[in-house]
Amino acid sequence: MSNNSFLNSDEILKIGFKSIGENIQISRKASFYNPSGISIGNNVRIDDFAILSGEITLGSYIHISAYVAMYGTKGIVMDDYSGLSPRVTVFSATDDFSGEFMIGPLLPKECISVIGGKVHLKKYVQIGSGSIVMPNITIDEGAVTGAMTLVNKNLDPWTINVGVPVRFYKERKRDLLKYEF
């Protein structure tokens, strides 16, 4: 019996990604906007109801869980062995809420202001379920967040971080490095 939950390789190629690696699993229920701006490495799985939009680069051995939203207007990069738990949202841009501009994607460009910057998740990063990553953030190698964390500042390497807003909790072990290949 075949598993029809994931697209086959021909269906994946027809999406029109910028580049695509090998051993890719993409749910039939995932959505892609501007796939020509999305690069996917090897051994990547993207689950049900994930939304990927904009300029996104995924390394290898990455898991994008169900209901993840990645809004890459200003760019999102995920390095190898990183992952996003269910219901994580990553923003590389946001509207200017100061009141100086209007807000909405259907308004003329002169009426709106979109601000932000690239989000970079380095190797071995894991973002906990329900967390939000704001624009212009670097999450350094090995850093992780607990569930429902608001990441509004850069995170140091090999740390565990929690809370709203995010705060350092404790150092993270590096034992997992022995499994890298």
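Please go through region 165-176 and give me each residue that is among the aliphatic types (A, V, I, L, M) and in contact (Cβ under 8 Å) with a residue 24 or more places away in the chain, ordered by number.
The answer is Leu176, and nothing else.
Whether any residue in region 130-140 is of a type in the set (Asp, Glu) and surrounded by fewer than 17 Cβ atoms within 10 Å (Cβ to Cβ) is what I want to check.
No, region 130-140 has no match at all.
Can you tell me which residue among Val114, Val162 is surrounded by 14 or more Cβ atoms within 10 Å (Cβ to Cβ), touching a residue at least 40 places away in the same chain (Cβ under 8 Å) and of a type outside the set (D, E, K, R)?
Val114
Sort through Val77, Val68 and tell me the only one that's buried (at least 20 other Cβ atoms within 10 Å of the Cβ) and under 25 Å from Met148 (Cα atoms).
Residue meeting the stated conditions: Val68.
Tell me yes or no: at least one residue of region 102-119 is at pLDDT below 95, under 29 Å from Ile15 (Cα atoms) and of a type in the set (D, E, K, R).
Within region 102-119 (the criterion being at pLDDT below 95, under 29 Å from Ile15 (Cα atoms) and of a type in the set (D, E, K, R)), the answer is yes, since at least one residue qualifies.
Since Ile115 meets every condition but one in (1) within 26 Å of Gln25 (Cβ to Cβ); (2) out of contact with any helix residue (DSSP H, G or I) (no Cβ under 9 Å at 6 or more places or on another chain); (3) in a strand (DSSP E or B), which condition does it not meet?
With (1) within 26 Å of Gln25 (Cβ to Cβ); (2) out of contact with any helix residue (DSSP H, G or I) (no Cβ under 9 Å at 6 or more places or on another chain); (3) in a strand (DSSP E or B) applied to Ile115, the lone miss is (1).
Filter region 130-140 for residues that are part of a loop (DSSP other than H, G, I, E, B) and free of Cβ contacts under 8 Å to residues at least 60 places away in the same chain; which is nearest to Tyr67 (Cα to Cα)?
Gly130
Do you know which residues across region 141-159 are in a loop (DSSP other than H, G, I, E, B) and either among the acidic types (Asp, Glu) or surrounded by 23 or more Cβ atoms within 10 Å (Cβ to Cβ) (or both)?
Selection gives Glu141, Gly142, Ala143, Thr149, Asp156.
Using beta carbons and a limit of 8 Å, which pairs, at least six apart or on different chains, have the first residue in region 85-106 and without any contact (Cβ under 8 Å) to a residue 40 or more places away in the chain and of a type in the set (Phe, Trp, Tyr) and the second one surrounded by fewer than 17 Cβ atoms within 10 Å (Cβ to Cβ) and not in a loop (DSSP other than H, G, I, E, B)?
Sorted first by the residue in region 85-106, then by its partner, the pairs are Phe101/Asp95; Phe101/Cys111; Phe101/Ile112.
Quick test for you: out of Lys109, Lys123, pick the one residue that is over 21 Å from Asp47 (Cα atoms) and of a type in the set (Lys, Arg).
Lys109
The values are calculated or read from the model by the stated rules, or taken from the named source; none is laboratory data. Because the structure is predicted, anything quoted here is derived from the model rather than measured. Cβ: placed from backbone, ideal geometry, glycine included. Neighbour counts: every protein chain shown.
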